[in-house]
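Presented below is the structure to which this report refers.
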Amino acid sequence: MSTGLGVEERLRRMEDLHELQQLRAHYCQHLDSGRWDELVELFTPDGAFVGLSTARGRTGLREFFSNLQSGSLSAWWHFSSNETLEVDDDRATGQTWLLQPCVVDRQSQLAAGRYVDTMVRCEDGRWRFEERAVRFFWWSDVEQGWEPGTFVWPPARDAADRPGAGQ
């Protein structure tokens, strides 16, 4: 397979892809473990999370993420797959599908959606999120079942995946 790139360029691309995959994995692990300081360090200083609400900057991100469990949403676990990545020098974009079991008002719920990411290589050489947006296909009670467009948790409705979103 000829890519037109030399070995060094191909190696850097593979390293970048690996680091970007690790960035996404660490996001889920830090969020699920409540490691807020480590989580917000995965974003640029003015980075944003968009979806259930919009939070920008590390102070705003820390406040948003740490307050998630103070309402009716008390627990969650992120399982991601079907990742895509496009790398253009020091910028990357892509999507990740999401399956999220969670507990809302002491009820087992399940959500599915996607993350739409913009990531940049920062001056220290690390990749970070410039923006991570979540869009839900559905969010439903486990016992009730689910289908596209079902949203039993109202904040998820505001982050509904609409035709053409993230494309």
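Data table
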| read-out | value |
| --- | --- |
| Hits in the stretch 74-95 - residues which are of a type outside the set (Phe, Trp, Tyr), touching a helix residue (DSSP H, G or I) at 6+ places or on another chain (Cβ under 8 Å), closer than 21 Å to GLY34 by Cα and in a strand (DSSP E or B) | ALA75, SER80 |
| Candidates LEU5, LEU11, LEU17 - the one that is touching a residue at least 12 places away in the same chain (Cβ under 8 Å) and farther than 20 Å from ALA112 by Cα | LEU17 |
| Answer from VAL120, VAL152, VAL116 - the residue that is more than 30 Å from GLU15 (Cβ to Cβ) and not acidic (Asp, Glu) | VAL152 |
| Subset of the stretch 17-62 [over 23 Å from THR84 (Cβ atoms) and in a loop (DSSP other than H, G, I, E, B)] | GLY34, ARG35, GLU41, SER53 |
| Filtered residues of the stretch 113-142 (kept if of a type in the set (A, V, I, L, M, F, W, C), more than 19 Å from HIS30 (Cα to Cα) and over 12 Å from the mean Cα position of the chain (by Cα)) | VAL120, CYS122, PHE137, TRP138, TRP139, VAL142 |
| Any hit, the stretch 108-116, residues being within 14 Å of LEU20 (Cα to Cα) and of a type outside the set (Lys, Arg) | yes |
| Residue within the stretch 159-167 that is surrounded by 12 or more Cβ atoms within 10 Å (Cβ to Cβ), in contact (Cβ under 8 Å) with a residue 12 or more places away in the chain, under 20 Å from ALA48 (Cα atoms) and charged (D, E, K, R) present | yes |
| Hits in the stretch 1-36 (condition: surrounded by 11 or more Cβ atoms within 10 Å (Cβ to Cβ) and at positive phi) | GLY34 |
| Residue within the stretch 122-135 that is part of a strand (DSSP E or B), free of Cβ contacts under 8 Å to residues at least 60 places away in the same chain and either over 20 Å from ASP46 (Cβ atoms) or touching a strand residue (DSSP E or B) at 6+ places or on another chain (Cβ under 7 Å) (or both) present | no |
| Condition met for THR150 (more than 22 Å from ALA75 (Cβ to Cβ) and of a type in the set (S, T, N, Q)) | no |
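Every residue, every condition in (1) under 15 Å from the mean Cα position of the chain (by Cα); (2) modelled with pLDDT of 95 or more, yes or no:
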| site | (1), (2) |
| --- | --- |
| ALA25 | yes, yes |
| HIS30 | yes, yes |
| LEU42 | yes, yes |
| GLY47 | yes, yes |
| ARG56 | yes, yes |
| ALA75 | no, no |
| VAL87 | no, yes |
| ARG91 | no, yes |
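The values are calculated or read from the model by the stated rules, or taken from the named source; none is laboratory data. Quantities reported herein were computed from a predicted structural model and do not represent experimental measurements. Virtual Cβ from ideal backbone geometry, glycine too; neighbours counted across all protein chains shown.
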